[in-house]
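Structure, as structure tokens:
The values are calculated or read from the model by the stated rules, or taken from the named source; none is laboratory data. As the structure is a prediction and not an experimental result, all values here were calculated from the model. Cβ coordinates were reconstructed from backbone atoms using ideal geometry, including for glycine residues, and neighbour counts include every protein chain displayed. SASA here: full protein model, heavy atoms, side chains in, ligands and nucleic acids out. Shrake-Rupley method; radii C 1.70, N 1.55, O 1.52, S 1.80 Å.
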Amino acid sequence: MSKYVIAGGNTLSGSLRIHGAKNSVLPILAATLLVNGESVIHNCPDLKDVRSAIKILSHLGCRVTRENDTVIVDASTMSRYDIPETLMREMRSSVMFLGAIIVRARKAQMSFPGGCELGPRPIDLHLSALLRLGVNIRENGGEILCEAGDMTGTDVTLSFPSVGATENIMLAATLCSGTTRIINAAREPEIEDLQNFLKKTGTNIVGAGGSIIEISGASNAVSVEHTVMPDRIAAATYLCAAAATGGQIELTSVIPEHFLTVTAALEEAGCSILSEPGRLFLRSGPELKSIRPIRTMPYPGFPTDVQSPLMALMTKAKGSTIFIENIFENRYRHVCELLRMGANIRVEGKVAVITGVSKLSGAPVSMTDLRGGAALVIAALSAEGISEITGLSHTDRGYEKMEEALAKLGADIQRID
Ligand code: UD1
């Protein structure tokens, strides 16, 4: 079993280049199925989830090659329309492929993604939207069978701005005659990145970044080249790590406008932030202060994915901070592990109250999910003594060589596989 051994107490300093965004590259890899030829995707992070997405593309018959951070997908050889259960289990966001497979094959077959470590993750919004666009859906013993019927563009109103459902509709709509409008669409920057990719495939699409996205016209390109946007969640995580150790860091290859709610919280906690296009500097203040309540919200609100890294930071801030998790039901599983390190946290439903303690102590802890795992790493970096953290398959899903990035900034971290 692989683990991190972290000797806490080193101050992080230096410069770090942020890798491409996991939540952007996954839907874009699905969208390569719309191109009857080669898609050249640059700034592709080397993550477990990206490797899973590549396995799905290969299973579908695509030819996929990787050279450093460039992945080339030739989807002209696509020959299947199913995703086997083993691959669905590897990555919940495989449901992202549903819309794209239907566009290419006019049918798709996969198992239900099921629950995950964040609680139940239904796909009702995805399926009802596809149905509305003219996809016939049959459910059979945990399997979903989809067949394109008379695909006609129409208004699709989401009761909640789901990121994955918005992306699936954007892709499926390229098969529709006429115009599709997604109303109450998710506004995350990753949706804009997908729109930029789709534009390059010849799709007429406007509105991403706002609440209404309009799609008309099919993809007709035979080659596309695209560079994935930087990972705003990884950027936020490394900023929390630097602040937790009283350090100062520079991040390059970032878009600071993508995580303004995070930098505002860090400034309130006493850090100084300086940003310029593509670059951001953080200097820790003399002491960490508690901050006003953090409510996770769809973008441009505070991202649920940064709730746990920021919580790890607040465990040592003077005073109490309240977190209210509004997006996922079960996103406080890292709290038990933080308690083992000496944190003072009380959880009641979707509310967590963190009262700062003067020190955390290194302990053996286990990752429960991707961002909760990052929180444990941050806590361990700022704790006294040694922490052993197991369950690295979680952070491997979303952070490229996390141990190398942190060691480069001065952390005492070892990975034992
Ligand atoms: C994406 C991100 C994830 C992030 C999340 C919220 C990717 C690969 N993952 O996940 O990192 O934490 O957005 O910003 O981009 N829901 C339903 N029915 C549905 C779909 C969603 O009830 O059909 C609910 C979910 O259970 C959850 C909420 O809506 O409570 C948000 O989910 P959604 O925005 O769809 O998140 P994902 O796309 O799964």
> At what distance in angstrom do the alpha carbon centres of the stretch 71-113 and the stretch 35-64 lie from each other?
Replying inline: 11 Å
>> Under the 0.36 nm per residue contour assumption, what length would be gained going from the current alpha-carbon distance of CYS336 and ASP417 to full extension?
In response: 26.7 nm
>> At 7 Å along Cα-to-Cβ for each site, give me the label-to-label distance between ASN140 and VAL206 in nm.
In response: 4.3 nm
>> Using the Cα centre of the stretch 22-227 as origin and beta-carbon charges of +1 (Lys, Arg) and -1 (Asp, Glu), tell me which of ALA148, GLY202, PHE160 is placed farthest towards the positive end of the dipole.
In response: ALA148
> SER361 to SER393: FRET efficiency via 1/(1 + (r/R0)^6), r the Cβ-Cβ distance, R0 30 Å, to the nearest 0.05?
Replying inline: 0.75
> Within the stretch 33-90, which trypsin sites (Lys or Arg not before Pro) sit in a loop by DSSP and count at most 14 neighbouring Cβ atoms inside 10 Å?
Replying inline: ARG80
> Taking only protein heavy atoms and a 1.4 Å probe, what accessible area per residue, in Å², does the stretch 1-148 have with all protein chains in place?
Replying inline: 40 Å²
> Taking the C-alpha atoms of the chain, how large are the radius of gyration and the largest Cα-Cα span, Dmax, in Å?
Replying inline: 21.4, 63
> Any idea what angle helix 370-382 forms with the longest principal axis of the chain, computed on alpha-carbon atoms, 0 to 90 degrees, nearest 10?
Replying inline: 20 degrees
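Under a 1.4 Å probe, what is the accessible area of the stretch 288-416 per residue, stated in Å²?
The answer is 39 Å² per residue.
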> Can you give the charge dipole size of the chain about its Cα centre, rounded to the nearest 20 debye, using +1 on the beta carbon of Lys and Arg and -1 on the beta carbon of Asp and Glu?
Replying inline: 420 debye
> Cα gyration tensor of the stretch 22-227, axes a ≥ b ≥ c as square roots of the eigenvalues: rounded (a/c below 1.5), prolate (a/b > b/c) or oblate?
Replying inline: rounded
> How would you rank 237-249, 128-140, highest first, on the average number of other Cβ atoms within 10 Å across their residues?
Replying inline: 237-249, 128-140
> For the stretch 312-417, which trypsin sites (Lys or Arg not before Pro) are in a loop by DSSP, counting at most 14 other Cβ atoms within 10 Å?
Replying inline: LYS359
> In degrees, nearest 10, range 0 to 90: what is the angle between the Cα axis of helix 232-244 and the longest Cα principal axis of the chain?
Replying inline: 0 degrees
> Local charge sum around GLY342 (other residues, Cβ-Cβ under 11 Å, Lys/Arg +1, Asp/Glu -1)?
Replying inline: +2
>> Given axes a ≥ b ≥ c from the Cα gyration tensor, I'd like to know whether the stretch 1-121 is rounded (a/c under 1.5), prolate (a/b larger than b/c) or oblate.
In response: oblate
> So for the pair ARG89, ARG63, with labels modelled 7 Å out along Cα→Cβ, what separation do we get in nm?
Replying inline: 3.2 nm
>> Checking the cross-link filter: which lysines have an alpha carbon closer than 18 Å to that of LYS359, excluding same-chain neighbours under 8 positions apart?
In response: LYS289, LYS316, LYS318
>> Please report the carbon-and-sulfur percent of the accessible area for the stretch 22-227; probe 1.4 Å, protein heavy atoms only, DNA, RNA and ligands left out.
In response: 46 percent
> Distance in nm between label sites at LYS107 and VAL353, each 7 Å beyond Cα in the beta-carbon direction?
Replying inline: 5.8 nm
> Stretched out fully, how many nm does the piece from THR152 to GLU268 gain, at 0.36 nm a residue minus the Cα gap?
Replying inline: 36.9 nm
